[in-house]
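Input: a single structure, listed below in structure tokens.
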Amino acid sequence: MPAWESAASATSRAACISDAGGIPAIHVEIENMKRPVYVIVGAGQAGANAAAELRRQGFAGRVLLVGDEAPPPYERPPLSKDVLLRPQETRCAVHPDRFYDDQDIELKLGVAGAVPDAGARTLTLGDGETIAYDKLLIATGARAPRLPLLDALGPNVHTLRTLDDARQLAGELQPGRRIVVVGAGVIGLELASSAVDLGAQVTVIEATPAAMGRCAPPLLGAFLCDVHRGRGVTLRFGAGIASAVREQGEQDEIVLTLEDGTRIAGDAVIYGIGVEPDTALAQAAGLAM
Ligand SMILES: Cc1cc2nc3c(=O)[nH]c(=O)nc-3n(C[C@H](O)[C@H](O)[C@H](O)COP(=O)(O)OP(=O)(O)OC[C@H]3O[C@@H](n4cnc5c(N)ncnc54)[C@H](O)[C@@H]3O)c2cc1C
């Protein structure tokens, strides 16, 4: 019998004693002492669905879902598409708002799981709270790698990983704005497509010779490039960024100089150069990477 089942039956025994004896405070204390605690760190699609699955499989203990982003768990695929194109009509929540209350899943949002102690089975959060757990699931997903050369330029430089990123981007993708997309992978090309739909002038630059080289056969990459060119997107392949500066002449603009000497000016730069696994918490917990 799994530990949580025996603990759950102890909990219901405690509930019976309390109901019969009518001492609610003791009931709550016994219940909390006996209920196994399952902490999930990372309130993304994986974390939110893992929490739901625990309940679906009958886990009766406490489930805490800890996420460092403020919004309730949401799906990222719409961020490069409908969230930009139809923000008012688009919902990307993993579960409906009431789901977490209905399923007795506690959400702790806007706070990071910072220091795990696997020996003591505790997790200290970024706000200083320490939670004792029976099981800890690390579902911290991935993050967008940063390009310091571009980040150093300050405003009008973006990546796209979070809902917050998408909301900031929406302000850039306006008719006539010159948008430079760095990276012709899936997200770069999706962003280029959305930006064109919104009336922007788009240039995509890619250091390798082809689009979507990591995830699609050359034929498909070439086909998608043709579609983009047909919609007015300029694509440049085979030269990485040699330098990036902000120029404040007649207009404030960002100028990228490529390794082949080509100069590309834009009002905003969005880079989508892949993802890297977010293993910080797993490493801190001593898991082998
Ligand atoms: C713009 C965009 C479009 C996409 N489109 C598609 C698509 O069309 N099809 C497809 O299959 N996939 C797509 N993906 C990829 C897909 O969204 C990911 O595979 C998916 O989000 C992975 O879910 P996850 O829960 O494992 O990780 P994540 O979504 O990365 O979630 C992990 C969460 O954990 C949080 N976290 C990290 N560390 C901590 C910590 N210490 N404490 C608390 N919280 C922490 C992170 O902030 C994040 O909220 C897209 C991604 C993006 C960004």
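Readers should treat all values here as calculations from the given coordinates under stated rules, not as data from a laboratory. Everything numeric here is computed off the predicted structure, so don't read it as measured data. Reconstructed Cβ throughout: ideal geometry from the backbone, glycine too, with neighbour counts over all protein chains shown.
Descriptive notes on the structure:
- For a label point 7 Å along the Cα-to-beta-carbon line of ALA265, residues of the range 150-182 with backbone N under 12 Å: 178
- Centroid-to-centroid separation of the range 222-287 and the range 67-114 [C-alpha atoms, Å]: 27
- Sequence-distant residues sharing a close amide H with ALA211 (under 5 Å, placed H): none
- Within the shell of other residues whose beta carbon sits under 14 angstrom from the beta carbon of CYS92, the net charge comes to -1, with Lys and Arg scored +1 and Asp and Glu -1.
- Nearby lysines by direct alpha-carbon distance to LYS34 (threshold 20 angstrom, same-chain neighbours under 8 apart not counted): LYS135
- Cα gyration tensor shape for the range 182-289, rounded if a/c is under 1.5, else prolate or oblate: oblate
- Note on LYS81: no lysines have a C-alpha under 23 Å away, same-chain residues under 8 apart excluded.
- ³J(HN,Hα) computed for each position of the range 139-152 - Karplus, 6.51 cos²θ - 1.76 cosθ + 1.60, integer Hz, glycine/proline x: 10, 8, x, 9, 9, 7, x, 9, 10, x, 4, 7, 4, 5
- Modelled label reach - THR208, point 7 Å along Cα→Cβ, the range 217-258 residues with backbone N closer than 18 Å: 217-226, 235-241
- Membrane-span-like helices of the chain, defined as complete DSSP H segments with a Cα extent of 20 Å or more along the helix axis and a mean Kyte hydropathy of at least 0.0, are identified as 3-21.
- Vicinal HN-Hα couplings computed from phi for the range 270-284 (Karplus, 6.51 cos²θ - 1.76 cosθ + 1.60; Hz; Gly/Pro x): 10, 10, x, 10, x, 9, 10, x, 8, 9, 4, 5, 4, 5, 5
- Extension gain, GLN57 back to SER243 (0.36 nm per residue minus Cα-Cα distance, nm): 61.6 nm
- Cα gyration tensor shape of the chain, rounded if a/c is under 1.5, else prolate or oblate by comparing a/b with b/c: prolate
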